[in-house]
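These notes are about the structure you will find just below.
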Amino acid sequence: DVYKRQVSTQSTGDSPSNMRHLMLLLALVAVAAAHDRVAVEGATQAPTNWALKGHPAKSDRMTVYLFLAHKPGAEAQLLQTLEAVSDPKSPQYGEHLTMAEVATLLAPSYEHITLVDQWLDQHNVTQGSTTAPRDLVELSLTVEQAENMFETEILQYSHTEGMSALRATSGYSLPSHLDGVITVVGDLSQFPPSQSKPIVTSAETSRKLLGGGGGGGDWANDCTGASSCKGKVTPGVLRTRYKLPTQPTKVSANSTMAVAEFQGQYYDDNDLSKFSSGCVINPAVKVSKNVGKNVEKAGVESLLDIEYISAVANPIPLTVYYAAEYSLLNWIKTVGSTPNPGWVHSVSYGNDEKQQTSVDYMNQVNVQFQAIGARGISILFASGDQGVWGRSGHGATFNPDFPGGSPYITAVGGTDFAGSSIGDETAWSAGGGGFSNTFARPSFQDKAVSGYLSDSSADLPAATYYNASGRGYPDVAALGGQKNPYCVATNGFFSGVAGTSASSPVVAGVFALLNDLRLSANKSPLGWLNPFIYQNPQAFNDVTSGKNNAGLGAGFTAIKGWDPATGMGTPNYQALAAAVNALP
């Protein structure tokens, strides 16, 4: 039991007699409060496309995550540290924390850990692993254990896409002596989002919708071994538009990048080889490390991520994080407990803020993002493929994304080429963007967002649609729209694939290259990117047309400067490299 093993080795500096006395008192408190409960999160409704299937067997298993409370002041200190080490104007810029330092800062108190340990013992829970600070605890429970521990009813649900989940939709509670000890329980009532699948366009459909050749562009096809890539976005198109360097023959020994895949999104080496030969990628695309088991099977999301982060940043070593469950918390826990998890991570995962179980849940996820960023790790998330309306769909208000609306990740939106040649871009109508209803506008983007809101050319939608004081996203963008789908090798063929789940790995690859500049100069990695991004607007291709309304009326218009359709714009590697080389 990893969790208990860590608890048992933690030292408090107290004498053995005092510790025995403390543990006796804690045990008496636990017994006295055994029948008193405190509600944590209330009843929820299953999101659209989830259907109740009935009662699972009591022996069926589910995974939940305990968020343990931090010591007073620890979260404020973490945020202050993150801002100081990530702001290029700060004298502490680049002085990231080690994993051990994060663990010390965020470690729950010994008393809290002991209470949780005793509670787990009472329910015969023996499986558990944690983040390095032991503030996020993974538990594998039977349905019977979960129902008893949280005094709730676990039901089985299925999704139209084939996913299944065991969840408590009637709310749950904890023993009163754990109030203030455990802040929230993740993946107990929180449903997994619909998989953020890219939009796959068959060759037949491509020719019908996008013109002969299967794509929307009239440029030469640099994938000389793949004629069906004509007119689509290819490595050469990205290299030209984003002024990428020729592939380096050598990178820093410390350079690393990573993508996250979930629930059956595997990759196969045959398709990676086909992509490498067809699009003349040398050295060939390969995965350096798998965290979690891969099966030689073609998953279009996984292959899109791997092929195009590598097309941009190869030969920087790539790690693929795979989890059988579609859980953001599983990914957070893994990265948060891995000593060298990769410096730049691209993740295509998200749901609407309104589909989260509570603000407490989102706040605690944010703390985990901050902890990862404080270690010098960059996190990029796709902003979504439903425009301002989100997964909840068209209605009286826009539906901002989470984690896309978190200030502590970099959200990546989508664009199309404005014309039929490689040149100016326009906002993709279905690219996710908007303003958080939960998180206030952070200071790093205050000037940029205020400028957008006060610009008459923005042609703002009615104020009732959005929260103008919230965190605006995306932060940046890249090609991702259906007009110009990416040419991806999958299942032995080249297909057109679109979505911000293409945009995110491309931008992540750009920042992996920029990281390599710093690491090769014996400097620190870039870490949390947002302060740097907003201080360097000149390093991006400004996108000044298009609206992300997903074809359904109101939306946000792309204008000069930052906007909630394309952020600061798309990357200009040469300008970004100049800005990065000027950093301390």
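The values are calculated or read from the model by the stated rules, or taken from the named source; none is laboratory data. All values derive from a computational prediction rather than experimental measurement. Note that we place each Cβ from the backbone using ideal geometry, even for glycine, and neighbour counts take in every protein chain shown. To get the accessible areas, we keep the full protein, side chains included, count just its heavy atoms, and leave off ligands, DNA and RNA. Shrake-Rupley method; radii C 1.70, N 1.55, O 1.52, S 1.80 Å.
Would you check if residue 161 is within 30 Å of residue 432 (Cβ to Cβ), surrounded by fewer than 23 Cβ atoms within 10 Å (Cβ to Cβ) and acidic (Asp, Glu)?
So residue 161 fits the description; yes.
Matching residues to (1) touching a residue at least 60 places away in the same chain (Cβ under 8 Å); (2) open to solvent by 10 Å² or more (accessible area, probe 1.4 Å); (3) within 17 Å of the chain's Cα centre (by Cα):
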position: 393; (1), (2), (3): yes, yes, no
position: 396; (1), (2), (3): yes, yes, no
position: 406; (1), (2), (3): yes, no, yes
position: 419; (1), (2), (3): no, yes, no
position: 428; (1), (2), (3): yes, no, no
position: 439; (1), (2), (3): yes, yes, yes
position: 449; (1), (2), (3): yes, no, no
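Considering only segment 105-121, I want to know if a residue exists there that is closer than 21 Å to residue 361 by Cα, out of contact with any Pro (no Cβ under 6 Å at 6 or more places or on another chain), among the hydrophobic types (A, V, I, L, M, F, W, C) and not in a helix (DSSP H, G or I).
No, there is no match, as no residue in segment 105-121 is closer than 21 Å to residue 361 by Cα, out of contact with any Pro (no Cβ under 6 Å at 6 or more places or on another chain), among the hydrophobic types (A, V, I, L, M, F, W, C) and not in a helix (DSSP H, G or I).
Looking only at strands (runs of 3 or more DSSP E) that fall completely inside segment 141-208, which ones have 1 or more residues that are over 28 Å from the mean Cα position of the chain (by Cα), polar (S, T, N, Q) and modelled with pLDDT of 85 or more?
In segment 141-208, 172-175 are the strands (runs of 3 or more DSSP E) which contain 1 or more residues that are over 28 Å from the mean Cα position of the chain (by Cα), polar (S, T, N, Q) and modelled with pLDDT of 85 or more.
At pLDDT below 95 and at negative phi: which single residue out of 483, 523 fits that description?
483
Show the residue pairs meeting these rules: Cβ distance below 8 Å; 6+ apart or different chains; first residue within segment 347-368 and free of Cβ contacts under 8 Å to residues at least 40 places away in the same chain and within 11 Å of residue 409 (Cβ to Cβ); second residue acidic (Asp, Glu) and assigned to a loop (DSSP other than H, G, I, E, B).
none
Would you mind stating whether residue 506 is modelled with pLDDT under 95, in contact with a Phe, Trp or Tyr (Cβ under 6 Å, 6 or more places away or on another chain), buried (at least 24 other Cβ atoms within 10 Å of the Cβ) and not charged (D, E, K, R)?
Here the answer is no, as residue 506 does not meet what is asked.
Answer yes or no as to whether residue 332 is part of a loop (DSSP other than H, G, I, E, B), of a type outside the set (Lys, Arg), open to solvent by less than 30 Å² (accessible area, probe 1.4 Å) and in contact with a strand residue (DSSP E or B) (Cβ under 7 Å, 6 or more places away or on another chain).
No; evaluated as a whole, the condition is false for this residue.
Would you mention how many residues in segment 94-127 are surrounded by 20 or more Cβ atoms within 10 Å (Cβ to Cβ) and among the hydroxyl-bearing types (Ser, Thr, Tyr)?
Residues that pass the stated criteria total 1.
How many residues are more than 19 Å from residue 242 (Cα to Cα) and either open to solvent by less than 30 Å² (accessible area, probe 1.4 Å) or at pLDDT below 95 (or both) if we restrict to segment 534-549?
Going through segment 534-549 one residue at a time, the tally reaches 3.
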